[in-house]
Amino acid sequence: KEFRNNVKPNWCPGCGDFSVQAAIQRAAANVGLEPEQLAVISGIGCSGRISGYINAYGLHGIHGRSLPIAQGVKLANRELTVIASGGDGDGFAIGMGHTVHAIRRNLDVTYIVMDNQIYGLTKGQTSPRSAEGFKTKSTPEGSIETTLSPLEIALSAGATFVAQSFSSDLKQLTMLIEEGLKHKGFSLINVFSPCVTFNKVNTYDWFKENIVNLEQFPDYDPSNRIAAMTKIMETNGMVTGLIYQNKARKAYDELIVGFKEEGLAKQDIQLSRADFDKLLMEFK
Ligand code: SF4
């Protein structure tokens, strides 16, 4: 069960994404996966490189499109465990439409967002997760837009699994990814993953001071959606832990009438030219 490969990450020293990589590798091993049973699909951004740093099937896709690709992989080969990953710009700006609809579709994919509240790869611009007043080269007078709250959006869209963690808390992060992998349906795990090079505001120390860990609330019930929304709002989105899980709602594949257990990758699809033409006509 070796999920490490020989590729040396070219993230900046201290980047939060290193811990996310380690947590995925540990979680995959802890739930008993073999490398050939896992696919990691990523978008564009510094965090998008992660698919190349894990010994599993991987695809470094295009900006904001990790989720359509990941869902296609899952449908084509249902025996694979599929992780989609990327940054907050990737998933909550250009990819937000896909994120919301993947959440409500509830296909069995684990989506890990490395949220550094800035665009790192393009050298430091304001992202949808940057705070109001945040100054970068794209908002030199400070951002005048509100900060997007992905957890509130996820709950509103009918998410069945919502979690948040911090890349410094490897134990919690690994545990949450394990739970996401085991969850039957779509799992959103937002990870505070500091960009040490371009974000000098949301630093490791800043997160340590502002995070509210759910461990402080032993009576917290993650099956209570209203309590989850309340906790997110009360903490200004800084809560970490398993925030919400709905085990009752069926996953996408369990609801499709006539759904074939075998994905395309496992089906015998030797089509004759006549069959192929007939199929094409159906889509005309
Ligand atoms: Fe990480 Fe920021 Fe460096 Fe990108 S620029 S690798 S996000 S520290």
From Thr160, Thr197, grab the single residue that is over 14 Å from Ile118 (Cα atoms), modelled with pLDDT of 95 or more and either surrounded by 17 or more Cβ atoms within 10 Å (Cβ to Cβ) or of a type in the set (D, E, K, R) (or both). Thr160
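Being under 20 Å from Leu151 (Cα atoms) and not charged (D, E, K, R) is the filter here, so list the residues in the range 249-277 that pass it.
Of the range 249-277, the ones under 20 Å from Leu151 (Cα atoms) are 249, 251.
Answer for the range 249-277, where residues must be under 20 Å from Leu151 (Cα atoms) and not charged (D, E, K, R): just Ala251.
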Can you report the number of residues in the range 206-215 which are away from the ligand (no atom under 15 Å from the Cβ) and assigned to a helix (DSSP H, G or I)? 5
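Being surrounded by fewer than 20 Cβ atoms within 10 Å (Cβ to Cβ) and touching an Asp or Glu at 6+ places or on another chain (Cβ under 9 Å) is the filter here, so list the residues in the range 147-157 that pass it.
The initial filter retains those residues of the range 147-157 that are surrounded by fewer than 20 Cβ atoms within 10 Å (Cβ to Cβ), namely 147-149, 152-153, 156-157.
Result: Thr147, Leu148.
Given the structure, is Gly241 in a loop (DSSP other than H, G, I, E, B), touching a residue at least 12 places away in the same chain (Cβ under 8 Å) and more than 16 Å from the ligand (Cβ to nearest atom)? Please lay out each step first, then the result.
Values: in a loop (DSSP other than H, G, I, E, B): no; touching a residue at least 12 places away in the same chain (Cβ under 8 Å): yes; more than 16 Å from the ligand (Cβ to nearest atom): yes.
For Gly241, the condition - in a loop (DSSP other than H, G, I, E, B), touching a residue at least 12 places away in the same chain (Cβ under 8 Å) and more than 16 Å from the ligand (Cβ to nearest atom) - is not met.
Residue check: is Phe186 aromatic (Phe, Trp, Tyr), away from the ligand (no atom under 16 Å from the Cβ) and out of contact with any Leu (no Cβ under 9 Å at 6 or more places or on another chain)? Steps first, please.
Details: aromatic (Phe, Trp, Tyr): yes; away from the ligand (no atom under 16 Å from the Cβ): yes; out of contact with any Leu (no Cβ under 9 Å at 6 or more places or on another chain): no.
In short, no.
Count, please, the residues in the range 22-48 that happen to be away from the ligand (no atom under 13 Å from the Cβ) and buried (at least 22 other Cβ atoms within 10 Å of the Cβ). Give the steps one after another, and end with the answer.
Of the residues in the range 22-48, the ones away from the ligand (no atom under 13 Å from the Cβ) are 22-43.
Still in the list and also buried (at least 22 other Cβ atoms within 10 Å of the Cβ): 23-25, 27-28, 38-43.
Qualifying residue count, the range 22-48: 11.
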How many residues are more than 16 Å from the ligand (Cβ to nearest atom) and at pLDDT 95 or above when one looks only at the range 75-105? 17
Being small (Gly, Ala, Ser) and loosely packed, with under 11 Cβ neighbours inside 10 Å is the filter here, so list the residues in the range 241-264 that pass it. Ala248, Gly258
For the range 7-21, how many residues are exposed (fewer than 12 other Cβ atoms within 10 Å of the Cβ) and more than 8 Å from the ligand (Cβ to nearest atom)? 3
Exactly one of (1) β-branched (Val, Ile, Thr); (2) touching a residue at least 24 places away in the same chain (Cβ under 8 Å); (3) part of a helix (DSSP H, G or I) is unmet by Ile226. Its number? (2)
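Could you tell me whether Ser165 is modelled with pLDDT of 95 or more and in a strand (DSSP E or B)?
Working: modelled with pLDDT of 95 or more: yes; in a strand (DSSP E or B): yes.
So Ser165 fits the description; yes.
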Exactly one of Tyr111, Tyr119 is in contact with a Gly (Cβ under 9 Å, 6 or more places away or on another chain), closer than 24 Å to Thr197 by Cα, surrounded by 24 or more Cβ atoms within 10 Å (Cβ to Cβ) and not small (Gly, Ala, Ser), and that one is Tyr119
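Working only within the range 244-264, note down all residues that are hydroxyl-bearing (Ser, Thr, Tyr) and part of a strand (DSSP E or B).
Narrowing the range 244-264 to residues hydroxyl-bearing (Ser, Thr, Tyr): 244, 252.
Answer for the range 244-264, where residues must be hydroxyl-bearing (Ser, Thr, Tyr) and part of a strand (DSSP E or B): just Tyr244.
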Would you please list the contacts, defined by Cβ atoms under 7 Å and residues six or more apart or on different chains, that run from a residue in the range 76-99 that is free of Cβ contacts under 8 Å to residues at least 40 places away in the same chain to a residue that is among the basic types (Lys, Arg)? His98/Arg65
Every residue in the range 176-205 that is closer than 19 Å to Ser47 by Cβ and assigned to a helix (DSSP H, G or I), please. Leu176, Ile177, Gly180, Leu181, Tyr204
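With the condition kept exactly as written, say whether any residue in the range 128-146 is within 29 Å of Val31 (Cβ to Cβ) and crowded, with 16+ Cβ neighbours inside 10 Å. Before the answer, list the steps.
Filtering the range 128-146 for residues within 29 Å of Val31 (Cβ to Cβ) gives 129.
If we keep only those that are crowded, with 16+ Cβ neighbours inside 10 Å too, we end up with 129.
Yes, there is a match, as at least one residue in the range 128-146 is within 29 Å of Val31 (Cβ to Cβ) and crowded, with 16+ Cβ neighbours inside 10 Å.
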Answer yes or no: is there a residue in the range 164-172 that is farther than 21 Å from Thr147 by Cα and within 16 Å of the ligand (Cβ to nearest atom). yes
Could you please let me know if Leu67 is away from the ligand (no atom under 16 Å from the Cβ), touching a His at 6+ places or on another chain (Cβ under 7 Å) and at negative phi? yes
Could you count how many residues in the range 193-231 are of a type outside the set (S, T, N, Q), closer than 20 Å to Glu132 by Cβ and in contact with a Pro (Cβ under 7 Å, 6 or more places away or on another chain)? 1
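The values are calculated or read from the model by the stated rules, or taken from the named source; none is laboratory data. On a predicted model such as this, the values are computed, not experimentally measured, just so you know. All Cβ positions, glycine included, derive from the backbone under ideal geometry; neighbour counts span all protein chains shown.
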